[in-house]
Ligand SMILES: Nc1ncnc2c1ncn2[C@@H]1O[C@H](COP(=O)(O)OP(=O)(O)O)[C@@H](O)[C@H]1O
Ligand SMILES: [Mg+2]
């Protein structure tokens with residue numbers, strides 16, 4: 001497959017080496033994706049600048065999760081390019097232009113991306129500590145002792161110092177989600193994706209998870225792409241808000257503009273619907 005490609009947009013320097021100092025940290029160009037004959041995403045362009053926090057809102061089924069799955073390489077686009085920290089996810093740069101990437105290249109590029117899912121996806125037979133430590137030992141190749149030290153630091157950071165030796169079944173949903181956040185952070189991604197990370201939680205547990213993400217957003221220079229229905233949370237942490245509908249970005253701007261004074265009828269209708277829940 002030879003996707004339609006606009007090479008000049010990418011954040012890589014002349015030697016094709018990863019660029020850290022200029023250009024977007026993540027850049028999607030002309031991304032389309034269909035399942036069967038249903039077009040799920042239609043020519044999406046989406047950039048996230050280094051350190052930028054972007055919130056993605058929009059109705060169920062509009063393609064938000066698909067965008068995140070594309071950004072972390074779990075789903076391959078039908079057309080278009082995805083560039084992360086100066087390297088294409090599905091292509092390798094050659095003197096003759098972009099060529100389809102080998103699996104190893106894609107695996108390496110996607111290591112710059114972390115994700116936290118709606119469902120916590122922890123290993124049920126492992127403790128909180130083991131859940132965070134295992135990727136450090138197996139993926140990052142740290143020693144057990146180094147992995148353990150970093151895992152403990154991260155679990156303390158998300159407020160779980162007293163729970164490190166518990167298994168998921170012994171933790172509340174909010175605590176499990178905080179373990180999942182610590183596990184994603186452990187691999188030191190350049191960009192982290194959050195997919196409605198509070199929507200599977202009981203209402204009284206939402207706040208503790210939002211607080212962890214909010215603190216992270218305010219403290220870190222990692223880029224973030226956050227799918228959420230929590231409007232005040234999005235207003236607080238996002239530099240930019242994108243409104244998605246039917247596989248397209250229909251409105252985009254500052255939180256004050258998109259969330260408080262939307263221009264598009266679809267955005268107004270969506271915000272009214274979620275505020276009335
Ligand atoms: N693996 C898949 N196979 C077929 N259809 C899918 C698949 N994943 C998502 N879809 C469809 O794509 C559309 C967008 O889904 P999704 O990205 O999950 O939307 P959102 O996260 O905004 O609710 C939905 O209609 C969904 O049913
Ligand atoms: Mg979704």
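The numbers here are math on the coordinates, done by the rules we state, and not lab data. A quick note: this is a predicted structure, and the numbers were derived from the prediction, not measured. Note: ideal-geometry Cβ built from the backbone for every residue, glycine included; neighbour counts use all protein chains shown.
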Rounded to the nearest 500, what is the 222 nm mean residue ellipticity of the chain from helices alone, with -39500 (n - 2.57) per DSSP H run of 4+ residues and division by all residues?
-10000 deg cm²/dmol
Using only the Cα atoms of segment 75-128, construct the convex hull and provide its projected area averaged over every direction, in square nanometres to one decimal.
5.6 nm²
Which order do peptides 47-55, 230-238 fall in by mean Cβ count within 10 Å, highest first?
47-55, 230-238
When the scattering of segment 165-273 is computed by the Debye formula from its Cα atoms alone, each counted once and equally, what is log10 I(q)/I(0) at q = 0.19, 0.20 Å⁻¹?
-1.04, -1.11
Given 241-247, 83-89, 214-220, the highest-first ranking by average Cβ count within 10 Å works out to 83-89, 241-247, 214-220
Beta bridges per DSSP with both ends in the chain, % antiparallel, nearest 5
60 percent
Return the Rg/Rh value of the chain, two decimal places, where both radii are evaluated on C-alpha atoms and Rh is the Kirkwood radius.
0.97
Give the span of segment 120-188's Cα atoms along each principal axis, as three whole-Å numbers ordered largest to smallest.
30, 21, 18
